[in-house]
Each structure stands twice: as C-alpha cells, then as structure tokens.
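The values are calculated or read from the model by the stated rules, or taken from the named source; none is laboratory data. Computed from a prediction, not measured in an experiment: that's the story for all the values here. Here the Cβ is made from the backbone with ideal geometry for all residues, glycine too, and neighbour counts use every protein chain on show.
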Amino acid sequence: MLNIAHRGFSGKYPENTMLAFRKAVEIGADGIELDVQYTKDRQLVIIHDESVDRTCDGKGLVADMTLEELRKLDASAGFRGIYGINRIPTLREYFELVAPLKGFVTNIELKTGINEYDGIEQMVCDMIKEFGLEDRIIISSFNHFSVARFKALCPEMKCGFLEGDWIIDFGAYAKKNGADFVHPRYNTVTDETAAEILSNGIGINTWTVNTEDEVRRLYKLGVNSVIGNYPDMAKEVIETL
Ligand code: G3P
Ligand code: MG
C-alpha cells in the first residue's frame, strides 16, 4: 500500500507548495497528490481552490490572473509568516523536483469540476511526456468526463475517478468507463464497496486518511494507496503492518 501525501505534507506545511512537496519527499512518502489548474495565460499551476482567496494573501480567480500576477502572492495559507514566503508552484517546477526520484508517484488531480479548463488534459499529458513520467503518474478528477478525455489522449497512463459520495457498483462503473482506479472518500470504503471495486479489477486510492486506525483498516481492505495530510504518521503505521 502506497503512502501518498495529500497536497504534499499539508498537515505540517502550507498545502500545494514546493515546501510541502520537498518535506513529503524528505520523510519518505511514496508519492504526492496535488491539484492542477491553469492561469489566464494558460500556465499550469498547483493550487486547490478556483480562487486564491483562502490560501494566498490576495483575491481573485486563478483563471483571471496571469502567472506573473499569481507568483507575486504568498500561498502559505494557514502557515503565513512561519516558513517565509511560499509561491504557488507551476507543474513544471514540481516535475523538476520529482523527475530524478526513481519510482516516486504523483497523483495529479485535474481541478476541472467547476471550470473545465479547455484543453488542460492535453497540456498536462504533454508535460508528463516531456519529463518522461508516464509510468509514475495517476490522473484523477471529480469530473469523470475530464478523466475520460485524458484517458483517450494518453491511454498508457493510469487514471482514476474521484468521488466523495456513496456510489453503487463504483467498480463496475469505473471498469465500464475505462478507469484504472477509483478515488473514493475514505469513509465510503467499506468491506462491501472495496470488495466490489477490487473484484472488477479496479484499484482503490482513498482520501483523506489522517488517522492511524484508518490507515490500518484500509490496509486490511486491500486499498492500493492512502492519501493523507500526515505521511509521517502513515509511514510509521505502514511499517508495522
Ligand atoms: O484527490 C484526493 C482529494 O484531494 C480530493 O479532494 O478537495 O482535497 O482536492 P480535494
Ligand atoms: Mg486534491
């Protein structure tokens, strides 16, 4: 079972920043989950919300701002003033960090649920190929049309359907629609749902797994990875399993 750091090591460092990504690597996480959108000038950036208001010292929509404007902001979110200034990373900057790390996995969540970000699937696919990371990436989105678009463009890469609610026959649905994984919210992964998903040959990457008990419970159910804010804790627990 892989230990994937949600928005980087976001329990202790500002989410979706290079600092949180470096710290996840340092403590020995197996991978990182991050959220991707693009700017007004179509530069791929890593940020969770459609607006900068919650995580940055500014206001506005990512889609309405240029990369240059976004890079002036401090994206330290709840950690402002503690770790200096942390800029919104570009996807390119992130790939430069992880490309040399053999076997390190990245779950790219396309934030296409509200804005569709026309063409983002091709842009992300192209950059993955530029860095030769095809076999170390999992693409996911709450927008399953977006996942299907990505899969059609890049069938060799792994893709998963994100979902926060309780879905009947999620495994059969994922299989029918060409996904490799489902990414269900952790509380919806039960004996029954996990068995149905796995019996369809679909893997499970579940979020947001932040307690020792949940890491143990999900391991017993056979999930492929836990995505959580405390990869240090998950690593310790997994080592005892
Ligand atoms: O990809 C797992 C998880 O990140 C999905 O929800 O809102 O944290 O992006 P969110
Ligand atoms: Mg996410």
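Numbers for the structure displayed
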read-out	value
Qualifying positions in region 51-70 - touching a Leu at 6+ places or on another chain (Cβ under 7 Å) and exposed (fewer than 15 other Cβ atoms within 10 Å of the Cβ)	57
Region 227-241, subset in contact (Cβ under 8 Å) with a residue 40 or more places away in the chain and among the β-branched types (Val, Ile, Thr), residue nearest to ligand 1 (Cβ to nearest atom)	227
Residue ranges of helices (runs of 4 or more DSSP H) in region 1-111 with at least 3 members within 16 Å of ligand 1 (Cβ to nearest atom)	18-26
Residues of region 199-241 that turn out to be aliphatic (A, V, I, L, M), closer than 20 Å to residue 35 by Cβ and assigned to a helix (DSSP H, G or I), as a count	1
Test: residue 164 is under 23 Å from residue 120 (Cα atoms), of a type in the set (Gly, Ala, Ser), surrounded by fewer than 18 Cβ atoms within 10 Å (Cβ to Cβ) and touching a strand residue (DSSP E or B) at 6+ places or on another chain (Cβ under 7 Å)	yes
Selection status of residue 163, touching a Ser or Thr at 6+ places or on another chain (Cβ under 8 Å), modelled with pLDDT of 95 or more and within 24 Å of residue 56 (Cβ to Cβ)	no
Qualifying positions in region 167-189 - within 16 Å of ligand 1 (Cβ to nearest atom) and either on the phi > 0 side of the Ramachandran plot or not in a strand (DSSP E or B) (or both)	167, 170, 174, 179, 180, 186, 187, 188, 189
Residue, nearest to residue 137 (Cα to Cα), within region 215-226, restricted to residues that are touching a helix residue (DSSP H, G or I) at 6+ places or on another chain (Cβ under 6 Å) and within 16 Å of ligand 1 (Cβ to nearest atom)	226
Single residue of 131, 181, 150, 145 found to be closer than 28 Å to residue 239 by Cα, aromatic (Phe, Trp, Tyr) and at pLDDT 95 or above	181
Test for residue 205: is it surrounded by fewer than 20 Cβ atoms within 10 Å (Cβ to Cβ), within 15 Å of ligand 1 (Cβ to nearest atom) and of a type in the set (S, T, N, Q)	no
Region 51-83, residues that are acidic (Asp, Glu) and within 12 Å of residue 39 (Cβ to Cβ)	64, 68, 69
Matching option when the condition is free of Cβ contacts under 8 Å to residues at least 60 places away in the same chain, surrounded by fewer than 13 Cβ atoms within 10 Å (Cβ to Cβ) and in a helix (DSSP H, G or I), among 192, 196	192
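Residue-wise test of (1) in contact with a Pro (Cβ under 7 Å, 6 or more places away or on another chain); (2) within 15 Å of ligand 2 (Cβ to nearest atom); (3) under 26 Å from residue 17 (Cβ atoms).
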{"site": "182", "(1), (2), (3)": "no, yes, no"}
{"site": "188", "(1), (2), (3)": "no, no, no"}
{"site": "210", "(1), (2), (3)": "no, yes, yes"}
{"site": "231", "(1), (2), (3)": "no, yes, yes"}
